[in-house]
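The values are calculated or read from the model by the stated rules, or taken from the named source; none is laboratory data. Here the structure is a predicted model, which is why all the values come from computation and not from measurement. Ideal geometry is used to build each Cβ from the backbone, glycine not excepted, and the neighbour counts take in all protein chains shown. Note: accessible area is taken over every heavy atom of the protein model, side chains too, but ligands, DNA and RNA are not part of it. Shrake-Rupley method; radii C 1.70, N 1.55, O 1.52, S 1.80 Å.
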Amino acid sequence: MRISILAAALAYASAVSGTLTWTLQKASNPTADQSEAYTRIEAAMTKAVTRYHKYTQANKTIRVYYAPGVPTAEANYNGDLRFGSDRSYMTERTAMHEISHTLGVGQTAAFDQKCAANNWPTATPLLRSWDGASAKINCGGGHFWPYGLNYESEWSETNGNRHVQLVDAMLKDGM
């Protein structure tokens, strides 16, 4: 049974293509600080969206901003994503985590209801194919774990791929 679940997950992962689009809103005459931030944000977003395109069919237009007053980074379901001035958050991991918020993680009533009921008929079997039969999706504070990429210490290539696959499964579950 476990082999068939893994085979299905691999087939699923290789057969998807997303249509996330993003634009970075830039000052017409940027300061040195803004220019450096734009370069880092563009690199992070390019990597994150490339990974999302590999593993999801999600559709979203995302407007990205450099907002120095934001302590880390933040995003919402309307598609706005903001990076603050702390360069340590201008990473692929942060961009992926924030993109998940634009897709509904922690931003929709459906997410909250699914979390409260632990009702993820597609996402839970996928998680269990990786982490074993007792694995479950945990939610709190507008986030999920495992694979929510909530902290830089959670980052790895494997966890990045699993994050996107899990978000895509949550979308299929009606998030």
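The heavy atoms of His97 offer some 10 square angstrom of accessible surface to a 1.4 angstrom probe.
Lys and Arg at +1, Asp and Glu at -1: add these up for the other residues within a Cβ distance under 9 Å of Glu92 and post the number. Local net charge: +3. On a per residue basis, the chain carries 47 Å² of accessible surface, using protein heavy atoms and a 1.4 Å probe. Taking a sphere under 14 Å around the Cβ of Asn76 and counting the other residues whose Cβ falls inside, with K and R at +1 and D and E at -1, yields a net charge of 0.
Rounded to the nearest 20, the Cβ-based charge dipole of region 50-152 about its Cα centre (Lys and Arg +1, Asp and Glu -1) stands at 260 debye. Here Glu98 sits with roughly 10 square angstrom of accessible surface, probe radius 1.4 Å. Antiparallel beta bridges, as assigned by DSSP with both residues in region 31-146, represent about 60 percent of the total such bridges. Please report how many Lys pairs in region 17-129 have alpha carbons closer than 23 angstrom, counting only residues at least 8 apart along the chain or sitting on separate chains. Final tally of qualifying lysine pairs is 4. Pairwise Cα distances in the chain exceed 29 Å for 19 percent of all pairs.
Rounded to the nearest 500, what is the chain's calculated 222 nm mean residue ellipticity when only DSSP H runs of at least 4 contribute -39500 (n - 2.57) each, over all residues?
Taking each H run of at least 4 residues, the total per residue is -15000 deg cm²/dmol.
Summary of the geometry: region 139-166 and region 28-99, compared by the centres of their Cα atoms, lie 16 Å apart.
Electrostatic bookkeeping for Tyr147 treats Lys and Arg as +1 and Asp and Glu as -1; over the other residues with beta carbon under 11 Å from its beta carbon, the sum is -1. Can you find, among Asn119, Gly160, Phe144, the residue sitting farthest towards the positive end of the charge dipole of the chain, where Lys and Arg contribute +1 and Asp and Glu -1 at Cβ? Checked the options; the winner is Asn119. With θ taken as phi - 60° and the Karplus curve 6.51 cos²θ - 1.76 cosθ + 1.60 applied, the whole-hertz 3J(HN,Hα) list for region 154-164 is 7, 6, 7, 4, 4, 5, x, 5, 5, 4, 5 Hz, x standing for glycine and proline.
Across Tyr66, Tyr151, the residue with the most accessible area heads the list, and the full order at a 1.4 Å probe is Tyr151, Tyr66. When Trp145, Trp22, Trp120 are compared by accessible surface with a 1.4 Å probe, the order from highest to lowest is Trp145, Trp22, Trp120.
Across region 100-115, computed HN-Hα scalar couplings (Karplus, 6.51 cos²θ - 1.76 cosθ + 1.60, θ = phi - 60°) run 4, 5, 5, 8, x, 4, x, 10, 10, 5, 4, 4, 4, 5, 5, 5 Hz from first to last residue, x flagging Gly and Pro.
Ordered from highest to lowest accessible area with the whole protein assembly present and a 1.4 Å probe, Asp131, Asp173 read as Asp131, Asp173.
Tell me, what % of the accessible area of the chain is carbon and sulfur with a 1.4 angstrom probe? C and S fraction of accessible area: 53 percent.
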